[in-house]
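Asker: Okay, handing you the structure first.
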Amino acid sequence: MTTLVFGHKSPDTDSTGSPIIWAWYLNEIKGGDAEAVLLGEPNTEAAWLLQRWDLPKPRIITDVEDGQACVIVDTNNPAELPANINGADVQAIIDHHKLVGGLETKGPIDITIRPLACTATIMYDLMSDDVAKMPDWVKGAALTCILSDTLEFRSPTTTGRDREVVAALAADLGVNVTEYAAEMFAAKSDVSAFSDADLIRMDSKEYAVDGVKFRVSVLETTAPNIPLDRKASIMETFATVQSEDGVDQVLLFVVDILKEEATLLIPNDVIKGVAEKSFGATVDGDTVVLPGIMSRKKQIIPNLKV
């Protein structure tokens, strides 16, 4: 049976690139039969990754069958995985997020969760000496994933190991990191063609706080004016997303990569209270700027209060 390798729903660059990287490793180094797949359309930066390294877009799946062999990367949260994930045969998890719980497996499995900024960094280390066998397109995917998750080292999740791996990959590829990251972020920022609902769900995770189910969405961009100019219609769409996705509230943070700050949209008094209690913000209007807030994983979700 082919082993499916996939990340979370609403796939970002790491959840697009890391399945490709690990499927290559399982196939070419371990002699297995693996296929990288996605749980949705890749975002603009992830799509740029595929185009930049001339990679075919992985097949998109909506669920997994009972007994399907799979490896989960870049998440361990059942809410971000296929509905039948506990019916599948999960063989390994490679992740860099906190342990959520709720996954069940058929037997003992390999689990690697490390406090690094990116799944691709963990994979690089797991491969050990076999990284020398990576073709350029695998190195390019790994480089893109790490620069994306660290926001070119601006994110507080960045570690020294992430920096070291980027330096090694960039040297092998002959890539200027600053120029390459600028191209990536330009692709990430080009969201003008997306609907309001697509923007809300583009980089989004579900998270519950004191019984309140949130969709916590982040738009990382070098052109924050593009989504913020649409804030009125985006906030009108929150109700539709809440109804369709079964959540109580939507939190949308527009992260300005260059200014290293986030703007949170404030559609109602509940979100106003969240901003004030979680970030010590003073809210006056339908947005609030949160200086230094860059990371959902390290700064936003751990601080959420209602």
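The values are calculated or read from the model by the stated rules, or taken from the named source; none is laboratory data. The structure displayed is predicted, hence computed values, not measured ones. We place every Cβ from the backbone using ideal geometry, glycine too, and count neighbours over all the protein chains shown.
Asker: Could you run through region 271-294 and say how many residues are out of contact with any Asp or Glu (no Cβ under 8 Å at 6 or more places or on another chain) and surrounded by fewer than 23 Cβ atoms within 10 Å (Cβ to Cβ)?
Answerer: Counting residues in region 271-294 that are out of contact with any Asp or Glu (no Cβ under 8 Å at 6 or more places or on another chain) and surrounded by fewer than 23 Cβ atoms within 10 Å (Cβ to Cβ) gives 14.
Asker: Consider region 290-306. How many of its residues are farther than 11 Å from VAL274 by Cα and of a type in the set (S, T, N, Q)?
Answerer: Adding up the residues that qualify gives 2.
Asker: Residues to consider are ASP130, ASP149; find the one that is in a helix (DSSP H, G or I), of a type in the set (D, E, K, R) and within 18 Å of ALA34 (Cβ to Cβ).
Answerer: None of the other options fit; the residue is ASP130.
Asker: Another question about this same structure. Kindly indicate the residue of region 149-186 that is touching a Leu at 6+ places or on another chain (Cβ under 8 Å) and small (Gly, Ala, Ser) and also nearest to PRO42 (Cα to Cα) among those meeting that condition.
Answerer: ALA181
Asker: Could you please tell me which pairs satisfy a Cβ distance under 6 Å, a separation of 6+ or placement on different chains, a first residue in region 263-280 that is at pLDDT 95 or above, and a second residue that is of a type in the set (A, V, I, L, M, F, W, C) and part of a helix (DSSP H, G or I)?
Answerer: So the pair list comes out as LEU264/ALA275; LEU265/MET235; PRO267/MET235; PRO267/PHE238.
Asker: Here is a further query. Name the pairs: first residue in region 230-241 and closer than 9 Å to PRO267 by Cβ, second residue basic (Lys, Arg), Cβ to Cβ under 9 Å, at least 6 apart or on different chains?
Answerer: PHE238/ARG215
Asker: Here are some residues: THR157, THR144. Which one is among the hydroxyl-bearing types (Ser, Thr, Tyr) and surrounded by fewer than 24 Cβ atoms within 10 Å (Cβ to Cβ)?
Answerer: Residue meeting the stated conditions: THR157.
Asker: Inside region 161-203, can you point out the residues that are closer than 19 Å to THR222 by Cβ, surrounded by fewer than 18 Cβ atoms within 10 Å (Cβ to Cβ) and of a type in the set (S, T, N, Q)?
Answerer: ASN176, THR178, SER192
Asker: Same structure again: Could you tell me how many of the residues in region 122-140 are within 18 Å of LEU50 (Cβ to Cβ) and either surrounded by fewer than 19 Cβ atoms within 10 Å (Cβ to Cβ) or under 14 Å from the mean Cα position of the chain (by Cα) (or both)?
Answerer: Looking only at that region, the number is 3.
Asker: Now for a different question. Can you pull out the residues in region 24-59 that are free of Cβ contacts under 8 Å to residues at least 60 places away in the same chain and more than 20 Å from SER148 (Cβ to Cβ)?
Answerer: Within region 24-59, LEU26, ASN27, LYS30, GLY31, GLY32, ASP33, ALA34, GLU35, ARG59 qualify.
Asker: What residue, among those in region 71-96 that are in a strand (DSSP E or B) and β-branched (Val, Ile, Thr), is nearest to the chain's Cα centre (by Cα)?
Answerer: Among residues in region 71-96 that are in a strand (DSSP E or B) and β-branched (Val, Ile, Thr), the one nearest to the chain's Cα centre (by Cα) is VAL73.
Conditions (1) under 16 Å from GLU45 (Cα atoms); (2) surrounded by fewer than 20 Cβ atoms within 10 Å (Cβ to Cβ), marked per residue:
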| site | (1), (2) |
| --- | --- |
| LYS205 | no, no |
| ALA208 | no, yes |
| GLU220 | yes, no |
| GLU236 | no, yes |
| GLN242 | no, yes |
| THR263 | no, no |
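Asker: May I pose another question? Which of the residues belonging to region 22-52 are outside any helix (DSSP H, G or I), in contact with a helix residue (DSSP H, G or I) (Cβ under 6 Å, 6 or more places away or on another chain) and aliphatic (A, V, I, L, M)?
Answerer: The answer is ALA34, ALA36.
Asker: Looking only at region 53-70, which residues are part of a strand (DSSP E or B) and surrounded by fewer than 17 Cβ atoms within 10 Å (Cβ to Cβ)?
Answerer: Step one: list which residues in region 53-70 are part of a strand (DSSP E or B), which gives 59-60, 69-70.
Scanning region 53-70 gives ARG59, ILE60.
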